[in-house]
1. Sort out which residues of the range 38-58 are farther than 12 Å from residue 68 by Cβ and aromatic (Phe, Trp, Tyr), and write them in order of number.
2. What number of residues in the range 45-80 are of a type in the set (Phe, Trp, Tyr), surrounded by 10 or more Cβ atoms within 10 Å (Cβ to Cβ) and modelled with pLDDT under 90?
Amino acid sequence: MDDSGGQGRPLGDPPDIPDSWARKLVGISGGGMRRPEDVLDEKFVAERVTLEFPDGVDGEPVITIGTDVLEAMNDLWKQC
């Protein structure tokens, strides 16, 4: 008689505990999904994004994002 924990586990080792799919993926950036910083470099974005204060520094800011940046960001999510 074999007195092991079974399935190649040492005696006293707990069985595999089911875990959530999300918990298994924490910290993983693989799976073919590209990260924004890998696709858009800082210079590309800086040339196509503007920040203005038409009513002075205390007024609401107006942020304009170029279509090139928006298209590149949208491309990241096409396969989701």
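1. 53
2. Residues that pass the stated criteria total 0.
The values are calculated or read from the model by the stated rules, or taken from the named source; none is laboratory data. Since this is a predicted model, take the numbers as computed values, not measurements. All Cβ positions, even for glycine, are placed from backbone atoms using ideal geometry, and neighbour counts span all protein chains on display.
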